[in-house]
1. Do we find a residue being surrounded by 20 or more Cβ atoms within 10 Å (Cβ to Cβ), part of a loop (DSSP other than H, G, I, E, B), modelled with pLDDT under 90 and out of contact with any His (no Cβ under 8 Å at 6 or more places or on another chain) anywhere in region 252-268?
2. Is one or more of the residues making up region 164-171 within 15 Å of Leu243 (Cα to Cα), modelled with pLDDT under 90 and surrounded by 19 or more Cβ atoms within 10 Å (Cβ to Cβ)?
3. Could you tell me how many of the residues in region 180-194 are aliphatic (A, V, I, L, M), more than 13 Å from Pro20 (Cβ to Cβ) and over 14 Å from the mean Cα position of the chain (by Cα)?
4. Are there helices (runs of 4 or more DSSP H) fully within region 1-118 with at least 1 residues that are crowded, with 17+ Cβ neighbours inside 10 Å, at pLDDT 85 or above and of a type in the set (S, T, N, Q)? List them.
5. Among the residues of region 127-141, is any surrounded by fewer than 16 Cβ atoms within 10 Å (Cβ to Cβ) and either in contact (Cβ under 8 Å) with a residue 60 or more places away in the chain or in contact with a strand residue (DSSP E or B) (Cβ under 8 Å, 6 or more places away or on another chain) (or both)?
6. For region 193-215, state whether one or more residues are at pLDDT 80 or above and farther than 22 Å from Ile95 by Cα.
Amino acid sequence: MEILDAIILGIIQGLTEFLPVSSSGHIALAEAMLSDGKQLSADDNLLLTAILHSATALSTIVIFRKDIFQILQGLVKFEWNESTQFAGKVILSMIPVGIIGVFFKDEIEVFFQGNILLVGVMLLLTGFLLLFTHYVKPVKGEKVSFFRAFIIGLAQAIAIMPGISRSGATIATALLLKTDKVHAARFSFLMVLPPIFGATLLEIKDYMEVSVVQESISIVALSAGFFAAFLTGLLACRWMIELVKKGKLFYFSLYCFAVGMIAIGVALIN
């Protein structure tokens, strides 16, 4: 993979990780078009995905650093306070995606092997989910409860599929449960940090244990992709927070419908 290709994929990851249009779906589509159609090996593809996701997770930490610091401060008091409850909700939301990651890892990896038709169909599903939020009236000030946290966690687990937006699925689910817009966005972005960093460490560990590695992607390309994803992620995260506050997710449903139909059309033609 060329450095320019890695930068392009990093920019796409940084933008689409936070915007409700599916980063995994766009990465899959971009990989199919870049490098003259050359495919990365399965191991390198997983490594690149892990690196780019860790970059956007780091940008989330930067944006929500004050919230994270307050949560950590509350946790060290060892009391059943708001911070401890929030951490408990995050842990609860991680259970569905954790189960899928541990017991169905190999089955999930199959979906990331350039299946453009699947990506197109899942983008359409994302579009419909975002469309539904246009008709929901969230309750101002309503926080994420433990029940809501688990349901949002189920949405995150489903969003493992390429083409289903994680941010779109989790924020839309929270809004459909009548959660306040600000609290919905905050919980959605913070709940993903532990799973992303955990998955990144596991993927890197598995990659390093591979006896024979096809050197189709260099450290320089990985680094370029990482910084591109991190910087664009900072911008996209702030933008997404404002979009959720203003209730503008509806417009992204139209985008998902358009890209989904194009992907399906290309897949059928090929």
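1. Of region 252-268, the ones surrounded by 20 or more Cβ atoms within 10 Å (Cβ to Cβ) are 252-253, 256, 259-260, 263.
Now restrict to residues that are part of a loop (DSSP other than H, G, I, E, B): none.
The answer is no, given that none of the residues of region 252-268 is surrounded by 20 or more Cβ atoms within 10 Å (Cβ to Cβ), part of a loop (DSSP other than H, G, I, E, B), modelled with pLDDT under 90 and out of contact with any His (no Cβ under 8 Å at 6 or more places or on another chain).
2. Checking region 164-171: at least one residue is within 15 Å of Leu243 (Cα to Cα), modelled with pLDDT under 90 and surrounded by 19 or more Cβ atoms within 10 Å (Cβ to Cβ).
3. First, pick out the residues of region 180-194 that are aliphatic (A, V, I, L, M): 182, 184-185, 190-193.
This time we only want the ones that are more than 13 Å from Pro20 (Cβ to Cβ), so: 182, 190-193.
This time we only want the ones that are over 14 Å from the mean Cα position of the chain (by Cα), so: 182.
Looking only at that region, the number is 1.
4. Working: elements: 3-18, 23-33, 42-63, 65-75, 82-103, 105-110.
Ranges flagged: 3-18, 42-63, 82-103.
5. Within region 127-141, one or more residues are surrounded by fewer than 16 Cβ atoms within 10 Å (Cβ to Cβ) and either in contact (Cβ under 8 Å) with a residue 60 or more places away in the chain or in contact with a strand residue (DSSP E or B) (Cβ under 8 Å, 6 or more places away or on another chain) (or both).
6. Taking every residue of region 193-215 in turn, none turns out to be at pLDDT 80 or above and farther than 22 Å from Ile95 by Cα.
The values are calculated or read from the model by the stated rules, or taken from the named source; none is laboratory data. In this text the structure is predicted, and so the values were computed from the model without any measurement. Backbone-built Cβ (ideal geometry, glycine too); neighbour counts: all protein chains shown.
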